[in-house]
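Each reported figure results from applying straightforward, stated rules to the coordinates on display, with no laboratory input. Not measured: the values here are computed from a predicted model. As a convention, Cβ positions derive from the backbone with ideal geometry for all residues, glycine included, and neighbour counts pool all protein chains shown.
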């Protein structure tokens, strides 16, 4: 009995990898979109995952959108007072 070719397995694995990558990209976009639209969510991210929030701020600054970080810090400081 000859061995089965690995081509069907390779195709399924490749499709699985593509699906996982697509879900990752969509998840990253959803996270960015939610952070972009909600200061409260950014506050939560600041408490739980500050490194992810830093990436958000830097990506906006690289895109030429400044002052989000400063406005957030000011709003959070005003809220604490």
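Projected over every direction and averaged, the convex hull enclosing the alpha-carbon atoms of the chain yields 7.7 nm².
Note the angle between two axes, namely the Cα long axis of helix 68-80 and the longest principal axis of the Cα atoms of the chain, as a number of degrees from 0 to 90, rounded to the nearest 10. Computed tilt is about 60 degrees.
Rounded to the nearest 10 degrees, the inclination of helix 7-37 to the longest alpha-carbon principal axis of the chain is 10 degrees. Each peptide in 28-37, 61-70 receives the mean, over its residues, of other Cβ atoms within 10 Å, and ordering these scores from highest gives 28-37, 61-70. Given their separation in residues at 0.36 nm each and the Cα-Cα distance between them, residue 21 and residue 65 gain 13.1 nm when the chain is fully extended.
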